[in-house]
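K.L.:
Before I ask anything, here is the structure I am working with.
The values are calculated or read from the model by the stated rules, or taken from the named source; none is laboratory data. It should be emphasised that the depicted structure is a prediction, and the values quoted were computed from it without experimental measurement. Note that we place each Cβ from the backbone using ideal geometry, even for glycine, and neighbour counts take in every protein chain shown.
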């Protein structure tokens, strides 16, 4: 049986168990939200997803109301839009949401909501103490002046990657997100996986390595597989084509990792553009490495292997795979070492 829900007079199908917000998004209907993310679940904290539902009193948060067959939802009535504008104005009025210089410019969900609601400047300004920026850790910068307390980073840390480092401290106007017992991130138990950075809808938690390296619209995105281990995590490279370098890595929210990455997968991306990387084969001649063709390098290597095996036996060889090449290449290394050279001296730099 197909269930239907109506948004602003348009009847669309939905799946049983979905919330109103999920049903809307699956059918391309815009309802803004900041605290909701598919991985962290409904929160009802930011209230930006409010809608009017026939038969229910007042405004309802679309991320927490379960869709029902025949439900009639209004997403853009004057009351709904005025309420959303008030919420966004309140969020913009405190902290430092300097969109022009913010690293999250064009990728910020708060900025997008303000644009769609026609808010150019905050309606009022709240003068409050500004929390210091925490840039103590190696890979992540926390700027709580931009935090909107949506709770996505906390839910992601506790329930998605289950590191249990981030938490809310205090209540009301004094509430803030802290690491462990309000420690600098570098002194906390954080493992720098970057899940909080990926889930943050604004510029409060960002990747340190990508600061000043390029705006979102300037970078080309390339989907690929993480080269570090056998899990096969899917990720997106954000590439500066002009300078031929990777600026940032984000996890793709598909199997097997669903957006999650380890510290190596998310932040160990400099090596492809390293000036120390070999770009052509070389052979040592007269005490000095000289560039040669692939044919010469392969013939030379094959002849030397035959010569040494014939003289000393295969046990003098060992081969090392790498955590920075594909599983297929590592398999080929092991297969070549065992089948061609005929030795089992194979290892892998799993600690890189």
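Yes/no matrix, rows are residues, columns are (1) exposed (fewer than 13 other Cβ atoms within 10 Å of the Cβ); (2) touching a strand residue (DSSP E or B) at 6+ places or on another chain (Cβ under 7 Å); (3) in the same structural domain as residue 174 (by TED's automatic domain parsing):
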position: 48; (1), (2), (3): no, no, no
position: 54; (1), (2), (3): yes, yes, no
position: 67; (1), (2), (3): no, yes, no
position: 78; (1), (2), (3): yes, no, no
position: 107; (1), (2), (3): no, no, no
position: 118; (1), (2), (3): yes, no, no
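K.L.:
Follow-up. Residue 146: in the same structural domain as residue 180 (by TED's automatic domain parsing) and closer than 18 Å to residue 260 by Cα, yes or no?
P.N.:
Numbers: in the same structural domain as residue 180 (by TED's automatic domain parsing): yes; closer than 18 Å to residue 260 by Cα: no.
So residue 146 does not fit the description; no.
K.L.:
Okay, next question. Let me spell it out: the conditions are (1) touching a strand residue (DSSP E or B) at 6+ places or on another chain (Cβ under 6 Å); (2) buried (at least 19 other Cβ atoms within 10 Å of the Cβ), and residue 40 meets all of them except one. Which number is the exception?
P.N.:
(1)
K.L.:
Within region 13-40, take every residue that is outside any loop (DSSP other than H, G, I, E, B) and touching a helix residue (DSSP H, G or I) at 6+ places or on another chain (Cβ under 7 Å) and give me the one that is nearest to residue 152 (Cα to Cα). Even if it seems obvious, please write down each step before you answer.
P.N.:
The first filter runs over region 13-40 and keeps only residues outside any loop (DSSP other than H, G, I, E, B), leaving 13-14, 19-26, 37.
With the extra rule that they be touching a helix residue (DSSP H, G or I) at 6+ places or on another chain (Cβ under 7 Å), the set shrinks to 14, 37.
Working: 14: 25, 37: 7 Å.
The selected residue is 37.
K.L.:
Moving on to the next point. One residue is enough: does region 325-335 have a residue meeting the conditions outside any helix (DSSP H, G or I), under 39 Å from the mean Cα position of the chain (by Cα) and touching a residue at least 40 places away in the same chain (Cβ under 8 Å)? Break it down stepwise before answering.
P.N.:
At the first step, the residues of region 325-335 found to be outside any helix (DSSP H, G or I) are 325-326.
Restricting the remaining residues to those that are under 39 Å from the mean Cα position of the chain (by Cα) gives 325-326.
Okay, now just the ones that are also touching a residue at least 40 places away in the same chain (Cβ under 8 Å), so 325-326.
Yes - at least one qualifying residue is present in region 325-335.
K.L.:
Next question, about the same structure. Of everything in region 211-243 that's in contact with a helix residue (DSSP H, G or I) (Cβ under 6 Å, 6 or more places away or on another chain) and free of Cβ contacts under 8 Å to residues at least 40 places away in the same chain, which residue is surrounded by the fewest Cβ atoms within 10 Å (Cβ to Cβ)? Give the derivation first.
P.N.:
In the first step, residues of region 211-243 are kept if they are in contact with a helix residue (DSSP H, G or I) (Cβ under 6 Å, 6 or more places away or on another chain); the result is 226, 228, 230, 233.
Pick out the ones that are also free of Cβ contacts under 8 Å to residues at least 40 places away in the same chain and you get 226, 233.
Details: 226: 21, 233: 23.
Checking each candidate, the answer is 226.
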